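Single-structure report; data block below.
The values are calculated or read from the model by the stated rules, or taken from the named source; none is laboratory data. On a predicted model such as this, the values are computed, not experimentally measured, just so you know. No Cβ is skipped: glycine too gets one built from the backbone with ideal geometry, and neighbour counts run over all protein chains shown.
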Amino acid sequence: MTAPIEIRQRAIAQGFAVSAQPNGAVAKPIALVEKLPAETLTKVVDFLEPLWRETSEVSEVTPEEEALLQIIQRRLPPDNETRLAYLRQRNETGEITEAEHQELLAYVDRVEHQDAERAEALIELARLRNVDLKTLLNEFLPANTKA
């Protein structure tokens with residue numbers, strides 16, 4: 001079992017505020033965590049980090065993070081999304097012309113390129129924030145599709 005001091009030190013290293021004498025509301029969760037086997041602490045951290053980030057008032061984003069966030073959040077313009085959906089539907093029904101097929105392939109290449117850039121940006125942002133990729137992904141995925 002991980003010693004309470006080690007848990008406290010790891011929490012401080014991750015940027016969590018930890019008081020020397022926890023109040024009543026904090027004492028019970030700390031006591032429960034201290035009783036957990038070491039192998040389950042990763043699950044506890046995976047659960048707590050997103051909650052902490054949601055409630056953290058200090059969330060200054062560096063210019064480097066902002067650039068990565070722009071890449072991560074980049075999507076096709078709505079008119080391109082509509083056209084891509086139309087071309088996909090025509091392709092699925094076998095009604096697509098050769099010119100439309102070439103246009104569809106160009107969209108697919110563009111989306112795949114953006115997906116690759118997005119993946120690289122997510123990995124870099126996870127590194128900068130010192131969190132694992134799964135935790136970071138959960139910040140960007142809708143609630144019903146968490147990693």
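Here is a list: Q73, Q102, Q114. Which entry is within 30 Å of F47 (Cβ to Cβ) and polar (S, T, N, Q)?
Q73
If I filter the stretch 84-118 down to residues being β-branched (V, I, T) and within 24 Å of the chain's Cα centre (by Cα), which single residue comes out as surrounded by the fewest Cβ atoms within 10 Å (Cβ to Cβ)?
V108
Would you point out which residue out of I71, I96 is free of Cβ contacts under 8 Å to residues at least 60 places away in the same chain, in the same structural domain as E139 (by TED's automatic domain parsing) and within 23 Å of E139 (Cα to Cα)?
Exactly one residue qualifies, and that residue is I71.
Give me the residue from the stretch 121-131 that is of a type in the set (D, E, K, R) and either over 16 Å from L48 (Cβ atoms) or modelled with pLDDT of 90 or more (or both) and, out of that set, surrounded by the fewest Cβ atoms within 10 Å (Cβ to Cβ).
Filtering first and then ranking leaves R127.
Just the residues that are under 14 Å from Q73 (Cβ atoms), under 9 Å from the mean Cα position of the chain (by Cα) and of a type outside the set (D, E), please, taken from the stretch 126-143.
Answer for the stretch 126-143, where residues must be under 14 Å from Q73 (Cβ atoms), under 9 Å from the mean Cα position of the chain (by Cα) and of a type outside the set (D, E): L136, L137, F140, L141.
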